[in-house]
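The values are calculated or read from the model by the stated rules, or taken from the named source; none is laboratory data. The shown structure was predicted, so the numbers you read here are calculated from the model rather than taken from an experiment. Positions of Cβ are generated from backbone atoms using ideal geometry, with glycine treated the same way; all protein chains shown enter the neighbour counts. These area figures cover heavy atoms from the full protein model, side chains too; ligands, DNA and RNA do not enter into them. Shrake-Rupley method; radii C 1.70, N 1.55, O 1.52, S 1.80 Å.
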Amino acid sequence: TVYLIVEHSPMSDASMKWVAQMKQLRSLALVETSVTAVGLRALLGCVRLSQLTLKSTLIQDADIQSLQGLNVQSLELDCPRVTEDGLSVLSRLPRLESVSLGNRMSIGPRLVLQLGASGTLTSAHLFFDSLTPGIVEALKALEQQGMNLYIRTNEPDRRRRHILERELKFIDLRFLRS
């Protein structure tokens with residue numbers, strides 16, 4: 001099996017032992033399952049796993065820390081209970097090149113700067129409810145490092161949107177409200 005997508009399933013930590021035996025597994029998506037840190041740790045045995053998607057309201061900081069050392073190149077997360085502290089694990093993923101953090105996550109300037117400290121990260125897809133001045137400065141710093149940035153925001157203020165478009169002209173910036 002090369003790709004496995006599990007959505008809205010009672011898949012548990014015990015089931016992840018079976019997944020870990022899939023030595024050819026390259027891409028795994030776990031969407032609203034009951035998998036926790038125990039199950040995620042089993043993924044360390046999936047040496048060919050290069051893409052991981054986790055979307056869950058159950059996963060929290062302690063769970064996400066179990067990804068440390070995983071050799072994924074691409075990670076997509078949308079886990080609202082994971083904080084910036086939990087996301088510090090991103091710097092301990094030795095082959096991570098691309099990260100996508102979904103709209104249910106809370107991302108601040110500290111995390112944006114942490115992304116810049118990763119030696120392997122080349123692109124980031126990030127969602128913000130609003131782009132604060134601190135976040136804008138952190139995004140500019142990432143852009144100057146050569147990172148490809150894809151930013152989505154619900155910025156409600158039209159005037160502010162026009163200013164942001166000028167300030168962040170080299171970043172793929174999309175506003176989700178008209």
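If you go through the range 43-55 and pick out every residue that is touching an Asp or Glu at 6+ places or on another chain (Cβ under 6 Å) and either on the phi > 0 side of the Ramachandran plot or open to solvent by less than 60 Å² (accessible area, probe 1.4 Å) (or both), you end up with 1.
The set of residues from the range 157-178 being over 18 Å from Gly102 (Cβ atoms) and open to solvent by 80 Å² or more (accessible area, probe 1.4 Å) comprises Arg158, Arg159, His162, Glu165, Arg166, Lys169, Phe170, Ser178.
Is it true that Thr122 is of a type in the set (S, T, N, Q) and either open to solvent by less than 10 Å² (accessible area, probe 1.4 Å) or at pLDDT 90 or above (or both)?
Details: of a type in the set (S, T, N, Q): yes; either open to solvent by less than 10 Å² (accessible area, probe 1.4 Å) or at pLDDT 90 or above (or both): yes.
Taking the combined requirement at face value, the residue satisfies it.
Any idea which residue in the range 100-119 is least open to solvent (accessible area, probe 1.4 Å), counting only those that are touching an Asp or Glu at 6+ places or on another chain (Cβ under 6 Å) and farther than 16 Å from Lys140 by Cα? The selected residue is Gly102.
Each row is one residue, and each column tells you yes or no for (1) surrounded by 16 or more Cβ atoms within 10 Å (Cβ to Cβ); (2) farther than 19 Å from Ser118 by Cβ; (3) polar (S, T, N, Q).
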| residue | (1), (2), (3) |
| --- | --- |
| Val19 | yes, yes, no |
| Met22 | yes, yes, no |
| Thr57 | no, yes, yes |
| Gln60 | yes, yes, yes |
| Leu75 | yes, no, no |
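Of all the residues in the range 20-40, those that are out of contact with any Ser or Thr (no Cβ under 9 Å at 6 or more places or on another chain) and of a type in the set (A, V, I, L, M) number 1.
Residue-wise test of (1) touching a strand residue (DSSP E or B) at 6+ places or on another chain (Cβ under 9 Å); (2) among the aliphatic types (A, V, I, L, M); (3) open to solvent by 60 Å² or more (accessible area, probe 1.4 Å); (4) more than 17 Å from Arg92 (Cβ to Cβ).
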residue	(1), (2), (3), (4)
Ser12	no, no, no, yes
Leu25	yes, yes, no, yes
Glu32	yes, no, no, yes
Arg41	no, no, yes, no
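Within the range 131-139, not a single residue is under 27 Å from Ala37 (Cα atoms) and open to solvent by 10 Å² or more (accessible area, probe 1.4 Å).
Which residue is nearest to Leu58 (Cα to Cα), if the candidates are limited to the range 1-10 and must be among the hydroxyl-bearing types (Ser, Thr, Tyr) and open to solvent by 80 Å² or more (accessible area, probe 1.4 Å)?
Keep residues of the range 1-10 that are among the hydroxyl-bearing types (Ser, Thr, Tyr), which gives 1, 3, 9.
Still in the list and also open to solvent by 80 Å² or more (accessible area, probe 1.4 Å): 1, 3.
Numbers: Thr1: 26, Tyr3: 23 Å.
Ranking the qualifying residues of the range 1-10, first place goes to Tyr3.
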